[in-house]
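**Q** Quick one: the structure is below, and I'll ask about it shortly.
The values are calculated or read from the model by the stated rules, or taken from the named source; none is laboratory data. Because the structure is a prediction, the values reported are computed rather than measured. Here the Cβ positions follow ideal geometry from the backbone for every residue, glycine too, while neighbour counts run over all protein chains shown. Heavy atoms of the whole protein, side chains included, go into the accessibility calculation; ligands, DNA and RNA do not. Shrake-Rupley method; radii C 1.70, N 1.55, O 1.52, S 1.80 Å.
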Amino acid sequence: MKRRQSAALDRKKLLKDPVLLITIIILIVALLLFVLYPLLILLVDSIWQEGHFTLGIFESVLHLGRFQTAFWNTVRAGVITGLLSTLLGLLFAYVDVYVRLRFRILERLFNVVSMLPVVSPPFVLSLSMICLFGRSGLVTRQILGIYDANVYGLVGIVVTQTLTFFPVCYLMLRGLLKNIDPSLEEAARDMGASRWKVFWTVTTPLLLPGLGNAFLVTFIESAADFANPMLIGGDYDTLATTIYLQITGAYDKQGASAMAVVLLSLTILMFIIQKYYLESKTAATLTGKASRERMRITDKSVTFPMTMLCGLVSIFVILMYAMVPMGALFKLWGRNYALTLDHFKYIFTYGGLAAFKDSALLSVIAAPITAILSMIIAYLVVKRKFKGRGFIEFVSILAMAVPGTVLGVGFIRGYSNGMFRTGFLQGIYGTSAILIIAFVVRSLPTGTRSGISALRQIDKSIEESAYDMGAGSGKVFMTVTLPLIKDSFFSGLVTAFVRSITAISAVILLVTPRWNMVTVQINSLAEKGNYGEACAYATVLIIIVYAAVMLMNLFIKYFGTSRVRRQK
């Protein structure tokens, strides 16, 4: 009875607030059109042929040797990458939280290295691997004298994906380790247990759901990754690259749709397990915030090997990133290492400026749209009660599990010859609008999760006082809520810009000659073996990305919420 009365009261409040009601309707329609519809059209494409239901498309695709190989290649690469990324993330997180480093510069180095891949283009490490360990690699050919080195395939994919995705595991596991009450471990130590035994019998059981969570997130990222397998996969096909080739090579859109449904089913299954099972288990295993500061480990038998391992990984990662500008400055990689600026001159003479201009322009348009939508969705999910709230939260975060290639195929099938061949969306395909929408959909989950975390820290009484004074939902959101979460808003803004300007998996299927994306240019040059020009493009792109991140940090430092608190 109380639940019915509460629901009726929520409906009355909703009907009295037209701004809130219209916002909810627009959001639901947008999520249906640009997230669910492209995915559903793929399913329809794969089971509907010549006006009737059929499983023939699935049967023909599932019996393709190329598809079967790509499926198991994807699973194999995902499992290995997930395990290695989780272990590497745990190592860096454990050193960060538990180990007292002798030199502060090491702590800063490890933090920088663990964050570098987060804000870098997804294909940078693949370029570096080719330049270092390829057939004309600096290490393989020039130093070791190996002329038939083959870095392409499973090994190349796993190494690049592990170094790309382990920071995600590091960030997740660092938070879990910080929340473990140190008294639990110290009690075991007082009873005579060694540090190794304490780690296995106390720390690890508390971390197990979190480790599983990190593994599944990395598995999803690996399965959805297109850029690294495309550049360094060689003949080791994954589902993401096979779907792309099925459209661009075989011109089989229905077959590509069936393959996309299989890949989507795999990633969504992992996403549901990760979000709705392991996340709740992780929260239940923690004992809350530590009551006092943890005593850091100073024993050299622990600190020395862990510091060495992190140091070796850090040196390797820095070397990989250093190869990109070096590759752009050498005359001909593998043959002539004379310094030159010809590669930079080339990209700015032959279409480079247009590519950077188009990419930056569309990313600048997509970023604020994404940031505002993310904060609105987070506000509705955390602060308001209404039917459909769960739907909005699930669909907005669901895009995290949708591979970019799948989304690209869905947009092609949905907006080039789907139900919107006529009507107000008939001209959207092949325009800049479809690229902006793809950027927004791909970045929306990250901003939404960040906004939800920030809003849950705000006491509801702050906003209720504004409502009591007669303010509507729109005014409360703009004048009370948004200023309190502006750090998360600006962070989401820059994150959306970075993800958009470095995106490739979805946009490579949606670009047209009118809009020239820099990531597509890099991929095209690398495929042709023009690594000097590819590295030059990547170097300029990295500079743009890091400039955006630095500007965001400065802005938050001087104008963010923390600045206001310090002044008070």
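**Q** Check whether at least one residue in region 319-327 is β-branched (Val, Ile, Thr), open to solvent by 70 Å² or more (accessible area, probe 1.4 Å) and at pLDDT 85 or above, and report yes or no.
**A** No.
**Q** Being open to solvent by less than 30 Å² (accessible area, probe 1.4 Å) and either without any contact (Cβ under 8 Å) to a residue 60 or more places away in the chain or small (Gly, Ala, Ser) (or both) is true for just one of Gly334, Gly390. Which residue is that?
**A** Just one listed residue meets the conditions, Gly334.
**Q** Something else: In region 15-29, which residue that is at pLDDT below 85 and open to solvent by less than 30 Å² (accessible area, probe 1.4 Å) is nearest to Ile436 (Cα to Cα)?
**A** Ranking the qualifying residues of region 15-29, first place goes to Leu20.
**Q** Hey, which of the helices (runs of 4 or more DSSP H) in region 459-568, taking only ones fully inside, have at least 3 residues that are touching a Leu at 6+ places or on another chain (Cβ under 9 Å) and at pLDDT 85 or above?
**A** The qualifying helices (runs of 4 or more DSSP H) are 486-501, 518-527, 531-559.
**Q** A follow-up question, please. Scanning for something open to solvent by 30 Å² or more (accessible area, probe 1.4 Å), of a type in the set (Ser, Thr, Tyr) and within 26 Å of Gly249 (Cα to Cα), does region 513-532 turn up at least one residue?
**A** yes
**Q** Consider Leu171 against the criteria (1) closer than 30 Å to Ser453 by Cα; (2) at pLDDT 80 or above; (3) in contact with a helix residue (DSSP H, G or I) (Cβ under 6 Å, 6 or more places away or on another chain): it satisfies all of them except one. Which criterion is unmet?
**A** (3)
Condition check ((1) without any contact (Cβ under 8 Å) to a residue 40 or more places away in the chain; (2) open to solvent by 10 Å² or more (accessible area, probe 1.4 Å); (3) over 30 Å from Leu20 (Cβ atoms)) across all residues:
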position	(1), (2), (3)
Phe330	no, yes, yes
Leu341	yes, yes, yes
Phe344	no, yes, yes
Pro403	no, no, yes
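**Q** What are the pairs, 6+ residues apart or on separate chains, where a residue within region 427-453 that is over 20 Å from Gly410 (Cβ atoms) has its Cβ under 7 Å from a residue that is part of a loop (DSSP other than H, G, I, E, B)?
**A** Close Cβ pairs (under 7 Å, with a partner that is part of a loop (DSSP other than H, G, I, E, B)) amount to Gly451/Ile485.
**Q** Just a yes or no: is a residue in region 126-141 open to solvent by 30 Å² or more (accessible area, probe 1.4 Å), under 29 Å from Val217 (Cα atoms) and of a type in the set (A, V, I, L, M, F, W, C)?
**A** Checking region 126-141: at least one residue is open to solvent by 30 Å² or more (accessible area, probe 1.4 Å), under 29 Å from Val217 (Cα atoms) and of a type in the set (A, V, I, L, M, F, W, C).
**Q** Still on this structure, please answer the following. Taking the residues in region 386-429 that are of a type in the set (Ser, Thr, Tyr) and outside any helix (DSSP H, G or I) as candidates, determine which candidate is modelled with the lowest pLDDT.
**A** Only one residue fits best here, namely Thr422.
**Q** Determine whether Arg189 is touching an Asp or Glu at 6+ places or on another chain (Cβ under 9 Å) and either open to solvent by 10 Å² or more (accessible area, probe 1.4 Å) or more than 30 Å from Leu40 (Cα to Cα) (or both).
**A** Judged against the criteria, Arg189 is not a match.
**Q** For region 171-228, which helices (runs of 4 or more DSSP H) that fit wholly inside it have 2 or more residues that are within 26 Å of Ile297 (Cα to Cα) and in contact (Cβ under 8 Å) with a residue 60 or more places away in the chain?
**A** Per the criteria, 182-190, 204-224.
**Q** Just checking, how many residues over region 152-173 are buried (at least 24 other Cβ atoms within 10 Å of the Cβ), within 17 Å of Leu87 (Cα to Cα) and not aliphatic (A, V, I, L, M)?
**A** Qualifying residue count, region 152-173: 8.
**Q** While we're here: Taking the conditions exactly as written (under 29 Å from the mean Cα position of the chain (by Cα) and more than 30 Å from Arg449 (Cβ to Cβ)), does Met323 satisfy them or not?
**A** Judged against the criteria, Met323 is a match.
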